[in-house]
Amino acid sequence: MSLQLLSALLIVIFRGDTHSLIPLYAVGVFTAFTLSQAGMVKHWLAYKGDGWIKGILINAVGTVTTAVVLMIIAVEKFTHGAWIVLIAIPALVLLTKKIHSHYLSMAAQLSLQCVTDSKEYEHHSVIVPISGMQRAVIGAIKYAKALSDDVAAIYVCIDPVETEKVKEKWDKACMGAPLIILDSPYRSVIEPLVDYIDEVRNRYKDGVITVVLPEFVPLKWWHHLLHNQTALFIKGVLLFKKGVVSTSVPFHLRK
């Protein structure tokens with residue numbers, strides 16, 4: 001699919017003129033010839049076998065010949081489109097090397113040989129962000145209390161009147177967990193919550209934090225587009241925080 005898209009893009013750029021596409025083809029072909037011949041020279045030097053001297057001479061001549069042709073075409077046809085290949089090939093080589101380095105680094109970090117500290121977590125803090133009092137919150141609090149004795153619900157105050165209503169409902173529901181009210185002068189929900197999580201993380205440096213998100217699940221998938229996606233943003237932010245785990249407690253809606 002990628003090759004098809006790139007081919008179509010080249011046809012559009014060069015307006016279907018095959019004569020203009022010849023320099024790209026020539027540079028690509030002779031680049032491949034030069035690299036393959038040079039690779040064979042390296043092969044003969046590394047794995048000397050029967051007739052290796054003859055082989056290395058033939059491939060060395062081939063390397064020089066194709067490299068000279070490549071340079072001539074690149075210089076003469078540079079402004080006719082050869083510059084695309086001359087830029088694209090080094091860029092692709094650099095990209096593939098970076099990707100390869102990334103995979104090597106990831107494999108090294110995930111290897112069991114890197115395990116030097118197997119200490120258990122000394123503390124488990126559970127935080128339940130809520131946007132109000134409803135049935136999904138009750139289920140999330142019950143789940144949170146099953147995980148740890150240190151459970152706190154977080155409500156970000158944007159409207160003082162609504163905050164008082166939430167506090168009254170919380171006290172009547174007897175949730176068995178403290179409700180912490182965070183002020184948000186700039187009407188941001190994410191920032192005060194993240195600041196509080198950072199405070200808990202600094203308090204228990206050898207502990208772990210689980211953020212339990214109460215979420216209701218509509219009957220149809222497209223109903224999600226009609227509701228607030230704050231929980232999704234919270235998950236995205238917490239994904240990059242070390243020592244913090246986010247999980248959802250779904251409440252399934254009925255007809």
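Residues that are without any contact (Cβ under 8 Å) to a residue 12 or more places away in the chain and of a type outside the set (D, E) were ranked within the stretch 135-158; the one that is farthest from D206 (Cα to Cα) is K142.
Answer yes if at least one residue in the stretch 86-94 is at pLDDT 90 or above and in a helix (DSSP H, G or I), and no otherwise. Looking for residues that are at pLDDT 90 or above and in a helix (DSSP H, G or I), one finds at least one in the stretch 86-94, hence yes.
For (1) of a type outside the set (A, V, I, L, M, F, W, C); (2) modelled with pLDDT of 90 or more, each residue gets a yes or a no:
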{"site": "V128", "(1), (2)": "no, yes"}
{"site": "S148", "(1), (2)": "yes, yes"}
{"site": "C157", "(1), (2)": "no, yes"}
{"site": "E162", "(1), (2)": "yes, yes"}
{"site": "K169", "(1), (2)": "yes, yes"}
{"site": "P178", "(1), (2)": "yes, yes"}
{"site": "P185", "(1), (2)": "yes, no"}
{"site": "D198", "(1), (2)": "yes, yes"}
{"site": "R201", "(1), (2)": "yes, yes"}
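In this structure, is V85 touching a residue at least 60 places away in the same chain (Cβ under 8 Å), surrounded by 11 or more Cβ atoms within 10 Å (Cβ to Cβ), β-branched (V, I, T) and under 28 Å from G207 (Cα atoms)?
Details: touching a residue at least 60 places away in the same chain (Cβ under 8 Å): yes; surrounded by 11 or more Cβ atoms within 10 Å (Cβ to Cβ): yes; β-branched (V, I, T): yes; under 28 Å from G207 (Cα atoms): no.
No, not satisfied.
One residue is enough: does the stretch 96-117 have a residue meeting the conditions of a type in the set (D, E, K, R), part of a loop (DSSP other than H, G, I, E, B) and either within 30 Å of P23 (Cβ to Cβ) or touching a His at 6+ places or on another chain (Cβ under 9 Å) (or both)? So that I can check it myself, show each step before the final result.
Applying the first criterion (of a type in the set (D, E, K, R)) to the stretch 96-117 yields 97-98, 117.
Still in the running and part of a loop (DSSP other than H, G, I, E, B): 117.
Then keep just the ones that are either within 30 Å of P23 (Cβ to Cβ) or touching a His at 6+ places or on another chain (Cβ under 9 Å) (or both); that gives none.
No, the stretch 96-117 contains no residue that is of a type in the set (D, E, K, R), part of a loop (DSSP other than H, G, I, E, B) and either within 30 Å of P23 (Cβ to Cβ) or touching a His at 6+ places or on another chain (Cβ under 9 Å) (or both).
Among the candidates L213, L232, L193, the residue that is farther than 20 Å from E120 by Cα and exposed (fewer than 15 other Cβ atoms within 10 Å of the Cβ) is uniquely L232.
The values are calculated or read from the model by the stated rules, or taken from the named source; none is laboratory data. Just so we're clear, the structure is a prediction, and the values are computed from it rather than from any experiment. Cβ: placed from backbone, ideal geometry, glycine included. Neighbour counts: every protein chain shown.
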